[in-house]
Amino acid sequence: MEPPNKHTRSNEELTISHSFPDLSTLPEPVLVHILSYMDPKEAVQTCILSKRWRRLWTLIPSLNLTNSRFKGNDAAFVHFVTSMLYFRGASKLDSFSLHFNASQHVADEELCQIHVGVATSWIYSVLSCKPLVISLELHKLPYLKLPHALFMCASLEQLELKLYSYSYIKNEESPGPKYVNLPNLKKLTLSKLILNDPVMQGILSGCPLLEELSLIHCILEFSEMKSDLLSCLSITSCRGSKVVEIFMPSLISLHLTNQCPEIIKLSLKNTPSLVKVFVFYSHYAVSHFSGALEFFKCLTVVPVIDLEFCGSGVKDLLEIIIPNCPIFHNLKQLSFGEWGTNEKLDVLFQLLQHTPNLEKLTIVHKKVECSRRAKQKVATIEIPFRCEKLKVIEVKYSDPSGVHELIDVFLRNTSHGKRLRIDYSRS
């Protein structure tokens with residue numbers, strides 16, 4: 001048998017070549033879809049493959065840019081993003097995400113001013129692409145002034161602004177009450193902004209389709225929030241000295257996290273649809289909180305059926321409101337995060353005396369080193385509660401130590417313990 005010609009392909013080689021066709025033969029939408037899964041820097045580098053690939057990367061509908069991949073070389077990152085946005089032009093862009101954590105110290109004022117100017121030009125470039133989603137996370141840019149055009153982009157459906165130095169939303173071009181005009185915006189997240197009455201009124205009136213609003217580390221200088229469509233409101237570690245009255249007939253979920261010394265005070269004036277409330281309090285927050293009782297009184301006149309407590313200050317918070325605690329007639333589900341077997345269980349049982357229609361109780365058990373004296377105290381807790389409709393006690397734990405003691409206390413203090421279902425799960 002003669003040896004095969006070295007210039008002739010074997011059948012096996014031909015089969016392999018037919019199994020893996022040249023990517024360039026694929027339709028353009030497929031190639032763009034593949035590029036969208038690549039790192040932006042790598043996607044741009046495909047332009048050297050051939051003439052057909054030269055402009056394909058400019059059609060990627062979603063950009064996620066972060067300078068963390070440039071290993072502290074801010075100059076290289078700035079050059080890359082500036083060039084990328086320049087060559088893309090006004091090609092349609094569905095989603096744009098920018099995370100810029102300047103590596104140089106903020107004391108370098110001249111460099112900061114340069115970064116701010118560049119970041120502002122990037123925002124204008126992106127707005128020309130009529131994006132649906134914009135997410136900006138900008139660190140160490142204390143002189144940044146958000147361009148007013150960002151709050152006048154008609155195409156936006158989601159906007160996330162996470163700043164790390166306090167800023168105002170201003171309309172310097174035409175001062176007046178109309179600060180915002182985002183007719184299609186449905187989800188808005190704001191961080192480190194100073195929000196006064198005209199600005200908040202402008203946000204809620206200028207976003208008529210807004211359904212979800214999250215305020216994070218903001219300074220609240222407004223006294224009321226009004227929206228007909230907003231269904232989810234989250235307020236995290238915000239400060240303010242005014243009582244904020246909420247008029248939101250479609251509000252379903254309220255997420256409240258307090259960790260600041262100047263705790264905001266909420267008053268629910270028109271929230272007939274509110275059914276789920278999450279409350280987080282730290283020890284520090286509770287020591288400065290003066291409106292807890294008024295807030296919880298508001299919850300008794302709305303159809304809240306799911307209430308969740310979390311945070312290190314929950315036990316202290318309950319001690320504040322228990323003496324004059326209202327009755328939660330509508331409450332069906334109650335949850336507590338990180339509650340140890342020997343941590344003020346009497347306060348928890350006192351609260352259960354105010355939830356006559358409770359059906360499910362969830363506790364995230366926290367392991368706490370318990371002295372013999374503390375164990376004896378837990379074993380003697382006698383505060384019977386009447387939750388005749390309680391069906392399930394769910395216990396989530398990372399360490400099983402003390403879990404059964406906790407359940408024993410519950411069963412001992414309820415008259416229908418035999419009818420209860422106890423569910424265990426690891427958290």
Members of segment 186-218 found to be without any contact (Cβ under 8 Å) to a residue 40 or more places away in the chain, in a strand (DSSP E or B) and of a type outside the set (S, T, N, Q), listed by number: Lys187, Leu188, Leu190, Lys192, Leu193, Ile194, Leu195, Glu212, Leu213, Leu215
Hey, can you tell me all the residues within segment 140-156 that are at pLDDT 90 or above, buried (at least 16 other Cβ atoms within 10 Å of the Cβ) and assigned to a loop (DSSP other than H, G, I, E, B)? Cys153, Ser155, Leu156
Anything in segment 73-98 that is crowded, with 18+ Cβ neighbours inside 10 Å and either within 12 Å of Lys41 (Cβ to Cβ) or not hydrophobic (A, V, I, L, M, F, W, C) (or both)? List them, or say none. Asp74, Phe77, Phe80, Val81, Met84, Arg88
Considering only segment 32-50, I want to know if a residue exists there that is of a type outside the set (A, V, I, L, M), touching a Phe, Trp or Tyr at 6+ places or on another chain (Cβ under 7 Å), surrounded by 10 or more Cβ atoms within 10 Å (Cβ to Cβ) and at pLDDT below 75. yes
If you go through segment 257-275 one residue at a time, do you hit one that is under 29 Å from Cys153 (Cα atoms), in a loop (DSSP other than H, G, I, E, B) and either at pLDDT below 95 or among the polar types (S, T, N, Q) (or both)? no
Please verify whether Ile235 is buried (at least 21 other Cβ atoms within 10 Å of the Cβ), among the β-branched types (Val, Ile, Thr) and under 14 Å from the mean Cα position of the chain (by Cα), treating the condition exactly as stated. yes
Hits in segment 253-273 - residues which are touching a strand residue (DSSP E or B) at 6+ places or on another chain (Cβ under 7 Å), over 24 Å from Asp316 (Cβ atoms) and surrounded by fewer than 16 Cβ atoms within 10 Å (Cβ to Cβ): Lys269, Asn270
Checking Arg69 against (1) modelled with pLDDT under 85; (2) closer than 25 Å to Thr189 by Cβ; (3) buried (at least 16 other Cβ atoms within 10 Å of the Cβ), the condition it does not meet: (3)
Residue match in segment 382-390 (condition: surrounded by fewer than 15 Cβ atoms within 10 Å (Cβ to Cβ), at pLDDT 80 or above and of a type outside the set (Phe, Trp, Tyr)): yes
List the residue pairs whose Cβ atoms are under 6 Å apart, where the first residue sits in segment 123-134 and is closer than 15 Å to Met84 by Cβ, the second is in a loop (DSSP other than H, G, I, E, B), and the two are 6 or more positions apart or on different chains. Ile123/Pro147; Ser128/Ala90; Cys129/Ala90; Cys129/Leu93; Pro131/Leu93
For a quick check of your reading of the model, give me the residue pairs whose first member lies in segment 323-340 and is at positive phi and free of Cβ contacts under 8 Å to residues at least 60 places away in the same chain, whose second is part of a strand (DSSP E or B) and surrounded by fewer than 19 Cβ atoms within 10 Å (Cβ to Cβ), with beta-carbon atoms closer than 6 Å and at least 6 apart or on different chains. Glu338/Val364; Glu338/Lys366
List the residue pairs whose Cβ atoms are under 6 Å apart, where the first residue sits in segment 359-374 and is over 18 Å from Val403 (Cβ atoms), the second is at pLDDT 85 or above, and the two are 6 or more positions apart or on different chains. Glu359/Lys332; Glu359/Lys389; Glu359/Lys391
Has segment 324-333 got at least one residue that is of a type in the set (A, V, I, L, M, F, W, C), out of contact with any Gly (no Cβ under 6 Å at 6 or more places or on another chain) and surrounded by fewer than 17 Cβ atoms within 10 Å (Cβ to Cβ)? yes
Identify the residue in segment 304-323 that is at pLDDT 90 or above and part of a strand (DSSP E or B) and, among all such residues, is surrounded by the most Cβ atoms within 10 Å (Cβ to Cβ). Leu307
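The values are calculated or read from the model by the stated rules, or taken from the named source; none is laboratory data. This one's a predicted model, so the numbers in the text were calculated from it and none came from an experiment. Neighbour counts run over all protein chains shown; Cβ positions are idealised from the backbone, glycine included.
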